[in-house]
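*Asks:* Take a look at the following structure, please.
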Amino acid sequence: MMGKLQETQAKVEATKKQLDTVYLQEKSSDGLLNITITANREIKNIEVKDELLEDKEQLEDYLVLTLNKAIKKASDLHEEELGKVAREGMPNIPGF
């Protein structure tokens with residue numbers, strides 16, 4: 001049982017490293033803001049169109065909305081992938 005848990009932990013760590021290489025894109029609805037984030041929720045790039053630079057308040061709103069959507073998308077993928085690894089490695093215990 002301990003060997004199985006150690007094996008599962010190693011697979012979880014390998015999956016986390018792999019998720020560093022999975023890039024997700026999130027754009028504002030009008031395409032004026034583009035966010036690139038890894039599945040481990042690390043922001044890699046923010047691209048802002050010139051039109052957004054003219055209105056500070058609008059830019060701030062766009063950043064909050066688009067960053068939150070990007071983080072949610074990355075978190076969902078992160079949890080899904082780690083959940084798969086954990087389920088594969090768990091012993092078949094009734095009730096879990």
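The values are calculated or read from the model by the stated rules, or taken from the named source; none is laboratory data. Source: prediction; values computed, not measured. Virtual Cβ from ideal backbone geometry, glycine too; neighbours counted across all protein chains shown.
*Asks:* Please verify whether Asp50 is surrounded by fewer than 11 Cβ atoms within 10 Å (Cβ to Cβ) and either modelled with pLDDT of 95 or more or touching a strand residue (DSSP E or B) at 6+ places or on another chain (Cβ under 8 Å) (or both), treating the condition exactly as stated.
*Replies:* The answer is yes for Asp50.
*Asks:* Failed condition for Lys84, given (1) modelled with pLDDT under 95; (2) surrounded by 16 or more Cβ atoms within 10 Å (Cβ to Cβ), with all others met?
*Replies:* Only one criterion is unmet by Lys84, namely (2).
*Asks:* Out of the residues in the range 1-27 that are polar (S, T, N, Q) and more than 11 Å from Ala86 (Cα to Cα), which is surrounded by the fewest Cβ atoms within 10 Å (Cβ to Cβ)?
*Replies:* Across the range 1-27, the extreme among qualifying residues is Thr21.
*Asks:* Continuing with the same structure: With Asp55, Asp61, Asp30, Asp76 as the choices, which residue is modelled with pLDDT of 90 or more and either surrounded by 13 or more Cβ atoms within 10 Å (Cβ to Cβ) or basic (Lys, Arg) (or both)?
*Replies:* Asp61
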